[in-house]
């Protein structure tokens, strides 16, 4: 029942450009590994052959934000670090998504203290929160699949600038 | 394990001979002794303990402070030293008053004291005279408070550390 079977049977299929673009986009979500503390170890485990994030098209962990689609913020974000995280987020090209991995990133976690940001949603638009301290790699993969579902529902017009009136002389 | 009594006697004898105007009191707890004396002697005592051939406290393990908050003498500096020759550890303690929060730096005696003193300045606001690089260690340079003081709230003061602006 794959694409190959469909092609040998009929020789063609119909879809919309929007659906095709969303399918392509969601099947290659390149993560920006924003590994700040221990959650990063589980994020690395998600990339190893046992859990294998490559099954979902996300094995390309780019260490430059300019080639990334989703930022996985894995670890305790202090106030001092928050400016760095925001700077890296700002360099990612649109459209972009953010996964807040683990308790510290989502809510400050056990660090109820003056130096730790109590949830990165205070300065970043977070799409998905992953529970756990740290979350198991399966949990991160689940988050990635949910991001894929979210991307699959997007349409091209969501990312386009609003149309401007063209002046005619 | 008890602190070596012969070493303790020699230590006190040599120190009082070397610093006749200083008054040394000792406390012993868990096999380690604390030497308590006035802060004006700290740099000289530190250099003496490091250089004297029979002690050789070459390792400055940590420098920190205690904020006693309600006591008359608010701050206390603590220096933890280790001698590989004697296999003994001692602490030096000096009180620092709230209205004169300065003490001489020992960064010229032990290089490791440089960062320890910067951390103490960052967290408690005690300034070190003659420190080669007197800056904050952890907190941002423009931060105005000293977080480990007892009058600083656990969750900080709202707005004391800026967050990046949220984009639309």
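The values are calculated or read from the model by the stated rules, or taken from the named source; none is laboratory data. Here the structure is a predicted model, which means the values were calculated and not measured. For neighbour counting, all protein chains shown are included, and Cβ atoms are generated from backbone atoms with ideal geometry for every residue, glycine included.
Does residue B:61 fit the bill of being more than 14 Å from chain A (Cβ to nearest Cβ) and at pLDDT below 90? I'd like the intermediate steps shown before the answer.
Values: more than 14 Å from chain A (Cβ to nearest Cβ): yes; at pLDDT below 90: no.
It is false that residue B:61 is more than 14 Å from chain A (Cβ to nearest Cβ) and at pLDDT below 90.
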> Taking the stretch B:68-92 on its own, how many of its residues are in contact (Cβ under 8 Å) with a residue 40 or more places away in the chain and surrounded by 21 or more Cβ atoms within 10 Å (Cβ to Cβ)?
Replying inline: 4
>> Being at pLDDT 90 or above and over 18 Å from residue B:165 (Cα atoms) is the filter here; which residues of the stretch A:76-94 pass it?
In response: A:76
> Out of the stretch A:105-121, which residues are part of a helix (DSSP H, G or I) and more than 18 Å from the chain's Cα centre (by Cα)?
Replying inline: A:107
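Can you name every residue in the stretch B:27-45 that is assigned to a helix (DSSP H, G or I) and either within 17 Å of residue B:17 (Cβ to Cβ) or touching a strand residue (DSSP E or B) at 6+ places or on another chain (Cβ under 7 Å) (or both)?
Just the residues of the stretch B:27-45 that are assigned to a helix (DSSP H, G or I), to begin with: B:39-45.
Across the stretch B:27-45, the qualifying residues are B:39, B:41, B:42, B:43, B:44, B:45.
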> Of all residues in the stretch B:129-168, which are assigned to a loop (DSSP other than H, G, I, E, B) and more than 12 Å from chain A (Cβ to nearest Cβ)?
Replying inline: B:130, B:131, B:132, B:133, B:134, B:135, B:144, B:150, B:151
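For the stretch B:98-128, what are the residues that are in a loop (DSSP other than H, G, I, E, B), touching a residue at least 24 places away in the same chain (Cβ under 8 Å) and more than 22 Å from residue B:82 (Cβ to Cβ)? Let's see the steps before the verdict.
Initial filter on the stretch B:98-128 (in a loop (DSSP other than H, G, I, E, B)): B:98-101, B:105-112, B:125-126.
With the extra rule that they be touching a residue at least 24 places away in the same chain (Cβ under 8 Å), the set shrinks to B:98, B:101, B:105-110, B:112, B:125-126.
Those that are in a loop (DSSP other than H, G, I, E, B), touching a residue at least 24 places away in the same chain (Cβ under 8 Å) and more than 22 Å from residue B:82 (Cβ to Cβ): B:98, B:101, B:125, B:126.
When the residues of the stretch A:77-106 are narrowed to those that are away from every other protein chain (no Cβ under 13 Å) and over 20 Å from residue A:41 (Cβ atoms), which ends up surrounded by the most Cβ atoms within 10 Å (Cβ to Cβ)? Don't jump to the end; show me each part of the working.
Start the filter on the stretch A:77-106 by keeping residues that are away from every other protein chain (no Cβ under 13 Å), which leaves A:93, A:95, A:97, A:99-106.
Subsequent filtering for residues that are over 20 Å from residue A:41 (Cβ atoms) retains A:93, A:95, A:97.
Values: A:93: 10, A:95: 12, A:97: 21.
Filtering the stretch A:77-106 for residues that are away from every other protein chain (no Cβ under 13 Å) and over 20 Å from residue A:41 (Cβ atoms), the one surrounded by the most Cβ atoms within 10 Å (Cβ to Cβ) comes out as A:97.
Residues in the stretch B:57-79: is at least one under 15 Å from residue B:15 (Cβ atoms) and within 10 Å of the chain's Cα centre (by Cα)?
Residues of the stretch B:57-79 under 15 Å from residue B:15 (Cβ atoms): B:57, B:79.
Applying the additional criterion that residues be within 10 Å of the chain's Cα centre (by Cα) yields B:79.
The answer is yes, given that some residue of the stretch B:57-79 is under 15 Å from residue B:15 (Cβ atoms) and within 10 Å of the chain's Cα centre (by Cα).
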> Counting just the residues of the stretch A:122-162 that are in a loop (DSSP other than H, G, I, E, B) and farther than 30 Å from residue B:161 by Cα, which one comes out farthest from the other protein chains (Cβ to nearest Cβ)?
Replying inline: A:136
